[in-house]
Amino acid sequence: MRHDEQGYVTAETALLLPIIFGIGYALALLVLLAAQQIRCADAAWEAARAMARGAPAAQLQDITARYAPAGAQASSSIGDGALTVEVVREQSVVSRFLPSIRIDATATVPCEPHVTSCRARSPND
């Protein structure tokens, strides 16, 4: 190594480290967002199944809280003999000062024939 080339590795490493950390952070964030999306989808599916089988509408938030990430909100609607549950969560990406990402999932299941509350609220019956 010539004397005038000393320190190049240190300078190159100092320039590349923030890029490597940034890529690592972005990949970790993608994994986190994917996991939250899966949890929201599971929560919507489980809540829709439970309510279509006769669980009271008042238990919607309790059912979803078991599966959804913290801070998720759920809503339900009935139409055409099917029950739809939507689970929504706002996820801040870098800090609370930047815009957040909306993570949502929807599940629709047919109402069970014996569930009168599901049929009674259906607009087609």
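Being exposed (fewer than 10 other Cβ atoms within 10 Å of the Cβ) and under 24 Å from V115 (Cα atoms) is a property that holds for A58.
The set of residues from the stretch 102-123 being surrounded by 14 or more Cβ atoms within 10 Å (Cβ to Cβ) and modelled with pLDDT of 90 or more comprises I103, D104, A105, T106, A107, T108, V109. Cβ-Cβ distances below 7 Å connect no pair with a first residue in the stretch 19-47 that is over 26 Å from Q61 (Cα atoms) and among the basic types (K, R), a second residue that is modelled with pLDDT of 95 or more and in a helix (DSSP H, G or I), and a separation of six or more residues or different chains.
Annotation note: of D62, D80, the sole residue that is more than 23 Å from L30 (Cα to Cα) and touching a residue at least 40 places away in the same chain (Cβ under 8 Å) is D80. Against the definition (loosely packed, with under 14 Cβ neighbours inside 10 Å and either farther than 30 Å from H114 by Cα or of a type in the set (A, V, I, L, M, F, W, C) (or both)), how does L15 come out, yes or no? Considered against the rule, which asks whether it is loosely packed, with under 14 Cβ neighbours inside 10 Å and either farther than 30 Å from H114 by Cα or of a type in the set (A, V, I, L, M, F, W, C) (or both), L15 comes out as yes. Looking across the stretch 63-79 at every residue that is farther than 15 Å from R39 by Cα and not hydroxyl-bearing (S, T, Y), the one that is surrounded by the most Cβ atoms within 10 Å (Cβ to Cβ) is identified as I78. Listed residues A55, A74; which is farther than 13 Å from D104 by Cα and without any contact (Cβ under 8 Å) to a residue 40 or more places away in the chain? Of the residues listed, the single one that is farther than 13 Å from D104 by Cα and without any contact (Cβ under 8 Å) to a residue 40 or more places away in the chain is A55. On the stretch given as the stretch 53-81, residues that are at pLDDT 90 or above and in contact with a strand residue (DSSP E or B) (Cβ under 9 Å, 6 or more places away or on another chain) total 16.
The values are calculated or read from the model by the stated rules, or taken from the named source; none is laboratory data. Not measured: the values here are computed from a predicted model. Heads up, the Cβs are rebuilt from the backbone with ideal geometry, glycines too, and the neighbour counts pull from every protein chain shown.
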